[in-house]
Amino acid sequence: MLSYRSLALLAVVLAAAVLASTSPVAQAGAPPLFDPLEFLDESTLDVVVLDDWHVDSVNGTTRQKLIEIKVAEWWPGQDYRIPVRLIVPLTGTAAGFHITGNHDYGSLDSDAALSGLEAQLIAGGVGVVYTVVRRVEASPGGQQLLQDMTNRFLQTHNPRYSSFWIYPMTLMRAATAAYAETGHFETGNVAASGASKNGYAPAAALINDGRFTLTHSVVAPAYGSPVRMFEQAAMDEVTAADDWFFAALDADEIDPGEHTRAWYADKAFGAPDSLHVIALAAGWAWEELRQLSAEVAPYVYIAESWSQLMARGVDVLFEPYTHDWVAYDILWGAQNHPEFPVYYKPNGGHEQTAHPAAEPVVRNLEAVILKHFFGSSPMLEPPSSTHQIVDDELRVSVTFGSGPEAESGRIWWMFDRHPGGSAPFLWERIPDDQWMDMTLDAQEGAWTATIPLDPTASNIEFFSNHGLVVDGFQTYLSSPYTRAELDTDGDGCSDLQEDGSDETLGGLRDPLNPWDFYDVETISGPGQDGVVDLLFDILSVVNHYAPTGAPPYDAHYDRGEAAGPNAWNMTAPDGVIDLLNDILGVISQFDHDCRPVTPTPTGTPTSVVP
């Protein structure tokens with residue numbers, strides 16, 4: 001007969017096999033980044049009881065227990081340990097639990113006073129689990145631990161030695177510790193929630209641990225977007241935007257708004273303490289970073305495992321907000337995953353001031369968790385959004401195809417926003433006056449709005465938030481964050497400008513001809529800065545004078561003969577840069593200007609999102 005320990009080990013192996021079958025890369029044959037044999041194994045928890053089961057001293061409505069567990073032997077000789085507070089009803093067992101790591105070391109030492117949501121869960125027979133997911137350096141002995149972790153990661157290229165691994169592993173091991181208390185917990189749903197690293201950890205736990213059934217994640221990464229995958233074109237866009245922004249700041253050409261230069265430099269993609277920057281400095285090649293990112297993405301980004309998660313029937317709600325340095329890829333995410341349920345707080349993010357017209361009270365967390373455990377009233381389903389440009393207006397229509405109808409709609413927009421991940425993406429805010437309440441077209445079942453277009457803008461980005469009261473909780477869901485191009489030919493002048501009558505403001509041009517605005521150079525090199533000037537455009541064309549097409553010919557600075565009534569109605573490069581056509585052609589456009597007015601951000605900083 002098998003011993004109890006052998007039976008327990010067999011149970012772990014069988015459970016691990018089930019969970020591994022749902023692993024995002026189980027079929028690839030590679031060992032999983034998060035190994036069920038490791039996170040399910042109760043025998044390696046090495047539990048230290050700090051305060052055994054007792055009726056709480058706060059108001060006597062729960063039983064609580066405080067323990068310390070080993071998350072993992074992170075590397076030989078180095079344990080990573082965390083406290084866990086377990087909370088269950090006064091009688092019986094808790095069927096599943098809500099777990100969060102949004103606590104500090106030492107904050108779990110005393111009995112917990114429950115929030116209103118947690119009290120409702122306990123009253124309904126659901127448990128609550130607290131643990132600690134904080135920056136590695138915030139743990140006991142954390143500075144040395146961080147240094148050792150980073151060195152091991154750089155030497156081995158193993159993502160196990162990173163915060164991306166230890167954060168979700170902490171939640172999964174805390175869940176194992178809870179279920180090890182068989183007299184107090186029984187199998188049920190496991191809902192996890194939090195913001196920032198405490199939003200990422202639940203999402204990654206949901207992907208890799210089949211016991212988890214819901215994540216509510218705020219300002220946390222969700223997509224394996226091009227910037228996160230280190231794709232060169234996307235990174236070049238971010239770098240160009242940063243170069244412009246910091247040069248403009250240093251020249252006092254723009255107002256830094258609510259933050260300092262150092263803040264923007266520290267928060268933009270590529271900040272000095274970013275792991276990929278440290279890896280490059282240690283000698284890694286870009287291709288090594290791209291390969292590792294591709295391997296890790298299915299384990300850590302919800303969107304990369306979406307179909308498997310939906311097949312499991314889990315619940316997901318993300319709140320990336322619109323101005324966050326972690327959840328910066330909202331445009332790419334909406335373009336590629338419009339089915340994702342999201343809520344965008346306008347101008348919201350880590351240390352950012354929300355828009356004055358932002359919803360003052362949002363109770364998505366309470367509504368989604370109570371619905372998850374108790375099957376309460378349905379919430380809004382992700383809507384679809386369509387738009388069309390009519391003259392100088394953008395007409396937007398948002399519809400909810402299934403589930404309940406929204407009770408309200410409000411839309412926000414920005415023109416010519418900088419790329420996600422860049423410093424000016426965080427800096428440029430949605431202006432105070434660029435929002436409106438939407439109108440419900442009852443006959444069409446659509447929320448509609450008509451937005452006046454900026455004639456100088458090349459594109460507009462917009463989204464809408466829609467409200468519904470669910471069992472007394474005010475909830476909101478957003479339409480997909482959308483970009484509409486207003487410069488069809490991509491020459492730097494908007495369609496409205498090119499349709500105008502003033503050539504010095506981009507008018508008397510063809511919105512479908514990309515060659516009729518001779519803007520070819522910027523302070524950073526070849527590109528467009530919105531104006532044809534002497535220093536960057538005219539002299540650049542002169543410097544590439546090549547009447548026979550020989551060097552220094554460059555097609556970027558070349559234009560074909562004019563095909564319209566005006567000298568600037570030029571055509572595609574013709575293989576030579578000469579005096580009559582090119583040099584006189586660019587001179588004829590001197591000071592033609594399609595630049596938008598630079599906004600000045602307003603607002604004052606708020607406290608950091610946990």
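The values are calculated or read from the model by the stated rules, or taken from the named source; none is laboratory data. Fair warning: this is a prediction, and the values are worked out from it, not measured in the lab. Reconstructed Cβ throughout: ideal geometry from the backbone, glycine too, with neighbour counts over all protein chains shown. Protein only, heavy atoms only, side chains kept; ligands, DNA and RNA dropped before computing areas. Shrake-Rupley method; radii C 1.70, N 1.55, O 1.52, S 1.80 Å.
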Problem set entry | The listed residue being of a type in the set (A, V, I, L, M) and either surrounded by 23 or more Cβ atoms within 10 Å (Cβ to Cβ) or free of Cβ contacts under 8 Å to residues at least 12 places away in the same chain (or both), out of Ala240, Ala234, Ala247, Ala271 | Ala271
Problem set entry | Near pairs, Cβ below 7 angstrom, 6+ apart or cross-chain, from segment 192-219 (within 15 Å of Thr131 (Cβ to Cβ)) to any residue that is open to solvent by 10 Å² or more (accessible area, probe 1.4 Å) and in a helix (DSSP H, G or I) | Ser193/Leu365; Lys197/Tyr167; Tyr200/Tyr167; Ala201/Tyr167; Ala204/Tyr299; Asp209/Leu19
Seminar exercise, completed: Note: among Ala354, Ala358, Ala334, Ala367, just one is out of contact with any helix residue (DSSP H, G or I) (no Cβ under 9 Å at 6 or more places or on another chain), closer than 21 Å to Ala220 by Cα, open to solvent by less than 70 Å² (accessible area, probe 1.4 Å) and without any contact (Cβ under 8 Å) to a residue 24 or more places away in the chain, namely Ala358
Exercise. Restricting segment 133-169 to residues that are of a type in the set (Val, Ile, Thr) and in a helix (DSSP H, G or I), which is modelled with the highest pLDDT?
Worked result: Ile166
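Quick grid of which residues meet (1) within 23 Å of Glu68 (Cα to Cα); (2) not small (Gly, Ala, Ser):
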{"residue": "Ser110", "(1), (2)": "yes, no"}
{"residue": "Ala123", "(1), (2)": "no, no"}
{"residue": "Val136", "(1), (2)": "yes, yes"}
{"residue": "Gly141", "(1), (2)": "yes, no"}
Exercise. Among (1) open to solvent by less than 50 Å² (accessible area, probe 1.4 Å); (2) in a strand (DSSP E or B), where does Gly60 come up short?
Worked result: (2)
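Of all residues being surrounded by 22 or more Cβ atoms within 10 Å (Cβ to Cβ) and out of contact with any Gly (no Cβ under 6 Å at 6 or more places or on another chain) in segment 458-472, which is nearest to Val531 (Cα to Cα)? Just the residue, please.
Step one: of segment 458-472, the residues surrounded by 22 or more Cβ atoms within 10 Å (Cβ to Cβ) are 458, 460, 462-466.
Applying the additional criterion that residues be out of contact with any Gly (no Cβ under 6 Å at 6 or more places or on another chain) yields 458, 460, 462-463, 465.
Details: Ser458: 14, Ile460: 20, Phe462: 26, Phe463: 30, Asn465: 36 Å.
Top of the filtered list is Ser458.
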Exercise. Do the conditions hold for Gln388, that is, is it within 18 Å of Tyr481 (Cα to Cα), open to solvent by 80 Å² or more (accessible area, probe 1.4 Å) and more than 25 Å from the chain's Cα centre (by Cα)?
Worked result: yes
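Hey, among the residues in segment 80-109 that are assigned to a loop (DSSP other than H, G, I, E, B) and in contact (Cβ under 8 Å) with a residue 40 or more places away in the chain, which one's farthest from Phe374 (Cα to Cα)? Break it down into steps so the answer makes sense when it comes.
Filtering segment 80-109 for residues assigned to a loop (DSSP other than H, G, I, E, B) gives 90-93, 101-109.
Now narrow it down to the ones that are in contact (Cβ under 8 Å) with a residue 40 or more places away in the chain: 93, 101-102, 108-109.
Numbers: Thr93: 16, Gly101: 23, Asn102: 24, Leu108: 27, Asp109: 30 Å.
The extreme case among them is Asp109.
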Problem set entry | Out of Glu288, Glu258, Glu304, sole residue that is farther than 25 Å from Gly525 by Cα, in contact (Cβ under 8 Å) with a residue 24 or more places away in the chain, open to solvent by 20 Å² or more (accessible area, probe 1.4 Å) and touching a helix residue (DSSP H, G or I) at 6+ places or on another chain (Cβ under 6 Å) | Glu304
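Restricting the search to segment 415-437, which residues are among the aliphatic types (A, V, I, L, M) and surrounded by fewer than 22 Cβ atoms within 10 Å (Cβ to Cβ)?
Met436
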Problem set entry | Glu137 being surrounded by fewer than 22 Cβ atoms within 10 Å (Cβ to Cβ) and touching a Ser or Thr at 6+ places or on another chain (Cβ under 9 Å) | no
Exercise. From the set of residues in segment 515-536 that are in a loop (DSSP other than H, G, I, E, B) and touching a Lys or Arg at 6+ places or on another chain (Cβ under 6 Å), which is surrounded by the fewest Cβ atoms within 10 Å (Cβ to Cβ)?
Worked result: Gly530
Exercise. Which members of segment 61-77 meet the condition of being out of contact with any strand residue (DSSP E or B) (no Cβ under 9 Å at 6 or more places or on another chain) and touching a residue at least 24 places away in the same chain (Cβ under 8 Å)?
Worked result: Trp75
Exercise. Is it the case that Ala15 is part of a helix (DSSP H, G or I), at pLDDT below 95 and either closer than 18 Å to Tyr179 by Cα or not aliphatic (A, V, I, L, M) (or both)?
Worked result: yes
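Could you please let me know if Asp558 is more than 26 Å from Ala457 (Cβ to Cβ), modelled with pLDDT of 95 or more and not hydrophobic (A, V, I, L, M, F, W, C)?
Working: more than 26 Å from Ala457 (Cβ to Cβ): yes; modelled with pLDDT of 95 or more: yes; not hydrophobic (A, V, I, L, M, F, W, C): yes.
Against the criterion (more than 26 Å from Ala457 (Cβ to Cβ), modelled with pLDDT of 95 or more and not hydrophobic (A, V, I, L, M, F, W, C)), Asp558 qualifies.
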Seminar exercise, completed: Just one listed residue, out of Ala294, Ala240, Ala285, is under 30 Å from Thr213 (Cα atoms) and among the small types (Gly, Ala, Ser), and it is Ala294
For this session: Go through the residues of segment 399-413 one by one and say whether even a single one is under 24 Å from Gly490 (Cβ atoms), among the small types (Gly, Ala, Ser) and under 24 Å from the mean Cα position of the chain (by Cα).
Result: no
Exercise. Does Gly507 qualify as being more than 35 Å from the chain's Cα centre (by Cα) and among the small types (Gly, Ala, Ser)?
Worked result: yes
Exercise. Does Thr450 count as surrounded by fewer than 17 Cβ atoms within 10 Å (Cβ to Cβ) and of a type in the set (Ser, Thr, Tyr)?
Worked result: yes
Exercise. So Met172 clears everything in (1) surrounded by fewer than 17 Cβ atoms within 10 Å (Cβ to Cβ); (2) modelled with pLDDT of 95 or more except one condition, right? Which one?
Worked result: (1)
